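Inspection log for the structure reproduced underneath, given as structure tokens.
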Amino acid sequence: MTIPAQQTAANVQTAASVTITAAENGPYEITGPFSMCDHDGRVVAVPDGQAVRLCRCGASGDKPFCDGSEETIAFNGTLAR
């Protein structure tokens with residue numbers, strides 16, 4: 001699924017898109033220009049121009065980022081239909 005970047009005064013991006021991919025039994029991988037904020041609106045640092053992997057299994061010691069813990073807990077990421 002590709003979602004066009006939002007056009008706001010704080011985040012002006014033209015013809016850009018963000019792609020979010022759920023890895024089989026693994027994390028969400030986000031590519032494209034984006035920003036991320038915590039529940040209080042504080043910006044969470046993400047590396048420019050690199051894919052970011054977000055935890056989907058709940059076991060990461062580096063939340064919200066993935067640290068590979070899905071491998072050690074045998075995470076089953078099968079999506080319910």
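So which of VAL18, VAL46 ends up being surrounded by 12 or more Cβ atoms within 10 Å (Cβ to Cβ), modelled with pLDDT under 90 and either under 13 Å from the mean Cα position of the chain (by Cα) or on the phi > 0 side of the Ramachandran plot (or both)?
Of the residues listed, the single one that is surrounded by 12 or more Cβ atoms within 10 Å (Cβ to Cβ), modelled with pLDDT under 90 and either under 13 Å from the mean Cα position of the chain (by Cα) or on the phi > 0 side of the Ramachandran plot (or both) is VAL46.
Taking the range 24-61, which residues are basic (Lys, Arg) and in a loop (DSSP other than H, G, I, E, B)?
Those that are basic (Lys, Arg) and in a loop (DSSP other than H, G, I, E, B): ARG42, ARG56.
The values are calculated or read from the model by the stated rules, or taken from the named source; none is laboratory data. Computed from a prediction, not measured in an experiment: that's the story for all the values here. Positions of Cβ are generated from backbone atoms using ideal geometry, with glycine treated the same way; all protein chains shown enter the neighbour counts.
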